[in-house]
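See below for the structure under consideration.
What follows draws every value from the coordinates through simple rules; no lab data is involved. Everything numeric in this text was worked out from a predicted model, so none of it was measured. Don't worry about glycine lacking a Cβ; one is built from the backbone with ideal geometry, like all the others, and counts go over all protein chains shown.
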Amino acid sequence: MSLRPAMVATALVAFLLGAAAMARPGVWGNFTATAPDAGNSITAATDFRAPTASAAVIGKTAGGTVGQIKKAGTYYVYANVSDTGNPASGVSTVTANVNSITSGSTAVALAAGSFTAGGVTYNRRSAALTAGSSLAAGSYTYSLTLTDVAGNSATQSGFSVTVNNTVPSGTDVQAVNGGATASRADAGDKLTFTFSTEIDPNSILAGWSGAATNVVVRLNNGSGSGNDTVTIFNSTNATQLPLGSVNLGRADYTSANLTFGATGTASSMVMSGSTVTITLGTQSAAATTAGATGTMSWTPSATATDAAGNAVSTTAVTESGTADREF
């Protein structure tokens, strides 16, 4: 059969339009696959980016406050590391160069896991390390080297830790009336311990952040006239907290051992900067109203430490100001 000129022209125009569409960027014609071809395949792009650390910190092995250590103290290196490749091949190794802190430690491995330090969770941590015994106080930098499964590697620097070798001490102790009767220990009265620097709250009570927490106060009858003492225990009244002991002096505040906060309203403890304030709770029995003035003496506990792990001096601290009646 013969093709009419109009039919030929229509077919030619359709062909040319299709060809033009195929030539224009972003415009594709329809097609139909008639058979599979094993030679045609798509392969994912290779990971070409090294992992990165979003955070890193050094903390003493005793836990608590991070960012400070002392000479000869033990510590961990923590980090949060992720692979940033697209697609990511996964983190292979993380090492820390802490040679400036621990001589010879240029590639300390950080193992994967879940580790908490200073209230933050990290996914990498080193084994325990020991700072140099002659390390001077100051700021020290360290770096991390991060490698992924694809072999990409990078070093991140600029991380730092403070070395603090100063021994903290007690500087003052004060009692303030807040209860029903002045010069007598009762609910609402306050006892404040002041240190030379901020103390790590975790060293006083495990897991403590410094926020108000329940405790029990013991007022212990002294031998002879006066010399009554105050000690602080945990909320169950089972373990004495490392806040030492306070001697209330020659004035007499009780004729029997008493507790505050073991039942009824609990006593409370809160930290603000370098001070720890105790507020007395419900007393187990009535105390004695002091008939004379006196001066308190506080002997701190060496179990309490600062953020770097330096133990508090146990040198006794005398209450500042003139002799007075406590509470």
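Miscellaneous remarks
- Ala109/Lys190 FRET efficiency (R0 41 Å; Cβ-Cβ; nearest 0.05): 0.25
- Normalised contact order of region 91-132, rounded percent, pairs of Cα under 8 Å and 6 or more residues apart: 33
- Virtual spin-label span in nm between Ser82 and Thr231, 7 Å along Cα→Cβ: 5.0
- What the phi angles of region 140-155 give under the Karplus curve with 6.51, -1.76 and 1.60, with θ = phi - 60°, is a coupling list of 10, 9, 8, 9, 10, 10, 10, 10, 9, 5, 6, x, 6, 9, 8, 10 Hz, glycine and proline written as x.
- Local electrostatic count at Thr318 - Lys and Arg +1, Asp and Glu -1, tallied over other residues with Cβ under 14 Å: -3
- The distance from the alpha carbon centre of region 197-251 to that of region 78-155 is 39 Å, rounded to a whole number.
- Simple spin-label estimate for Gln240 and Ser153 gives 5.5 nm between the two label positions (7 Å along the Cα-to-Cβ direction from each Cα).
- Packing, taken as the mean count of other beta carbons within 10 Å per residue, orders the peptides 83-96, 187-200 from highest to lowest as 187-200, 83-96.
- Mean separation of Cα contacts under 8 Å (6+ apart) over length of the chain, as relative contact order %: 16
- Surrounding net charge for Val246, when Lys and Arg each add one and Asp and Glu each subtract one, Cβ distance under 11 Å: -2
- Label zone at Ala62 (point 7 Å along Cα-to-Cβ), backbone N below 15 Å, region 200-236: 200-208
- Helix 5-23 vs. the chain, principal-axis angle (Cα, 0 to 90°, nearest 10): 30
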